[in-house]
Amino acid sequence: MAAVVDPEIRVITIDELGILRAVEEDRATGRVTVTITPTYTGCPAMDVIRADIRRALAAIGHPDAEVRTVYSPAWSTDWISAAGRAKLAAAGIAPPPATRAGTVVPLTLAVRCPRCGAAETEQVSRFGSTACKALWRCRACREPFDHLKAL
Ligand SMILES: [Zn+2]
C-alpha cells in the first residue's frame, strides 16, 4: 500500500512523498486505518490517493479500510524522503530545497536544472502541469522543467 504513487507525480510513492503518516490495524476486528496528510489543502489528487489506498488494501484482504486525513502537523516539502528527492530529480522534476530547522535558508534559492544541472534557471509560470508545480526554464540548455513548489 505504501507503493501507491502520487497521481500527479507518478514516479514517487505516497510514502516517499511523506503524506503517508500511519497505518494501524485493529487487532480485534482486523480493520485497517490509514492516516494521510495532503500536500496542501484542497489538493485534488487526494481523492485519487484515497481511492488507490483503499483499492490496494482491498486487494490484500482489507475491503473495509478507513482512510483518515489529518492536517496537523502540516505537510511540507521537508517530508519528502531522500529516495523521493532522487526520484524527482531523475524524472526531470527539480526537487525542492530541504529547509530543516537549524539550517540557514539562503535568501535566493537556486533551482538547478534537473537535466543539465545548471543553476541559471528562471521561473516561467507559477503554474506547472499541476497546481503543486511551477514551470521553470533552464537558460543553459533551454529546456523547460517542473519545479515542485516548496511549502
Ligand atoms: Zn539545463
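The values are calculated or read from the model by the stated rules, or taken from the named source; none is laboratory data. From a predicted model like this one, the values you see are computed outputs, not experimental measurements. Cβ coordinates were reconstructed from backbone atoms using ideal geometry, including for glycine residues, and neighbour counts include every protein chain displayed.
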request  = Among residues belonging to segment 118-136 that are more than 18 Å from residue 7 (Cβ to Cβ) and part of a loop (DSSP other than H, G, I, E, B), point out the one that is farthest from the ligand (Cβ to nearest atom).
outcome  = 126
inquiry  = Being among the hydrophobic types (A, V, I, L, M, F, W, C) and at pLDDT below 75 is the filter here; which residues of segment 96-142 pass it?
reply    = 98, 101, 104, 105, 107, 109, 110
task = Run residue 70 past the list (1) of a type in the set (A, V, I, L, M); (2) modelled with pLDDT under 90; (3) more than 15 Å from the ligand (Cβ to nearest atom) and report the number of the one that doesn't hold.
result = (2)
inquiry  = The conditions are (1) modelled with pLDDT of 90 or more; (2) more than 16 Å from the ligand (Cβ to nearest atom); (3) farther than 28 Å from residue 50 by Cβ; (4) of a type outside the set (D, E, K, R), and residue 145 fails exactly one of them. Which is it?
reply    = (2)
ask   = Taking helices (runs of 4 or more DSSP H) that do not extend beyond segment 1-93, which have at least 1 residues that are in contact (Cβ under 8 Å) with a residue 12 or more places away in the chain and loosely packed, with under 12 Cβ neighbours inside 10 Å?
value = 82-90
ask   = Which residues, counting only those in segment 18-50, are at pLDDT below 90 and in contact with a His (Cβ under 8 Å, 6 or more places away or on another chain)?
value = 30
